[in-house]
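Reading through the structure tokens given below for one structure.
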Amino acid sequence: QLLAYQIQAIILATSIGALLSFIGLKNFISLYSFTVEKIEEFGSLAGCIKAHLNPRRWKSLLTAFLDSSPLGVRFGQLKGVSADFLLINVFANAIWCAGALCAVFVSAQYPQYATTALLLSGLVNAFPAIAFSVWVDPKAALITDRALKGERPVEQVNIAAYHLALGNFVGCLFGVFAFGPGCSLIAIAAKGLGQQGQGLSDGIWVVVAINALVTLLASTTY
């Protein structure tokens, strides 16, 4: 039980980090904009970093971070932004946050199936990886591209950024509640694979084959 509490504490800490990033979204946007301008000024990211190793330039970084402007976005007011990829982002973040940790817990709970359970973590994390690369990131990028071309209101970029950042927090928070069911599912899968055929070795190769297929899909989506 101690391990379960520790893992849930890790997931909760992740959700707190996501909440802080949502709260500071406007500040980070300001800082990123400043950084992009400086990269263009110095010609490369390496040159920008080298220049800002000088303590006299640190004040400009802090000023850029604090110089935030309101996004003008209200929760739930999508104004033409599709809700499907925002919901997928929440679901994918929940799995991404808790999936691998569920596998770690199951491997400790069932040592005889530890290898299979750990291999399943790659399979579990493959879903959010594909979800981000197929649905979430491309749709967010498409909104930005069309806004830059004048085909969509620029306001939709802010709306997407706001709700994606909020979705990261909500998804991580859901990860706390998904931990128990996730462990149960991985335990069932690990025991089922481990008991097939000649035992654990057959189960491992099944998971290896599935992981290879999912990795192929995840890699080619880009």
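The values are calculated or read from the model by the stated rules, or taken from the named source; none is laboratory data. The shown structure was predicted, so the numbers you read here are calculated from the model rather than taken from an experiment. We place every Cβ from the backbone using ideal geometry, glycine too, and count neighbours over all the protein chains shown. The accessibility values were calculated without ligands, DNA or RNA, using every heavy atom of the protein model including side chains. Shrake-Rupley method; radii C 1.70, N 1.55, O 1.52, S 1.80 Å.
Mean residue ellipticity at 222 nm, helices only, the chain: -26500 deg cm²/dmol; runs of at least 4 DSSP H residues each add -39,500 (n - 2.57), and the sum is divided by the number of residues. Taken along the Cα-to-beta-carbon direction at a fixed 7 Å, the label points for Leu185 and Leu12 span 2.3 nm.
Which shape class, rounded, prolate or oblate, goes with segment 69-112 when its Cα gyration tensor gives a ≥ b ≥ c as root eigenvalues, a/c under 1.5 marks rounded, and past that a/b bigger than b/c marks prolate? Prolate shape, in that a/c is at least 1.5 and a/b is the bigger ratio.
Cα-based values for segment 46-95, radius of gyration first and Dmax second, are 18.5, 46 Å.
Using only the C-alpha atoms of the chain, find the volume of their convex hull and express it per residue in Å³.
Spelled out: Cα convex hull of the chain, divided by residues, is 164 Å³.
Based only on the alpha carbon positions, what is the Kirkwood hydrodynamic radius of segment 115-172, in angstrom? After inverting the pairwise mean of 1/r, the radius is 13.2 Å. Put simply, the C-alpha atoms of segment 24-63 give a gyration tensor, and the ellipsoid matching it has half-axes of 17, 13, 6 Å, longest first. Of the chymotrypsin sites (Phe, Trp or Tyr not before Pro) in segment 1-110, the ones in a loop by DSSP (not H, G, I, E or B) with at most 15 other beta carbons within 10 Å are Phe75.
Relative to the longest principal Cα axis of the chain, at what angle does helix 137-148 sit, 0 to 90 degrees, rounded to 10? That helix lies at roughly 20 degrees to the long axis. Residues considered: Gln77, Gln112, Gln156. Largest GNM mean-square fluctuation over the chain, using C-alpha springs under 10 Å, is found at Gln77.
If the viscosity is 1.306 mPa s and the temperature 10 °C, what translational diffusion coefficient in µm²/s does Stokes-Einstein give for segment 70-142 when Rh comes from Kirkwood over Cα pairs?
Stokes-Einstein gives a translational diffusion coefficient of 113 µm²/s.
Ranking Arg74, Arg56, Arg146, Arg152 by solvent-accessible area of protein heavy atoms (1.4 Å probe, all protein chains present), from largest to smallest, gives Arg56, Arg74, Arg146, Arg152.
For the chain, modelled as a GNM whose springs connect Cα atoms under 10 angstrom apart, the maximal fluctuation among Leu66, Leu166, Leu123 occurs at Leu66. Counting only residues at least eight positions apart within a chain, or on another chain, the aspartates and glutamates with an alpha carbon under 13 Å from that of Lys26 are Asp67. Note on Ser68 and Gln112: with the Förster distance fixed at 35 Å, the Cβ-Cβ geometry gives a FRET efficiency of about 0.10.
Residues considered: Pro153, Pro55, Pro111. Largest GNM mean-square fluctuation over the chain, using C-alpha springs under 10 Å, is found at Pro55. Max-minus-min Cα coordinates of segment 1-81 on each principal axis give 52, 40, 20 Å, with the largest extent listed first.
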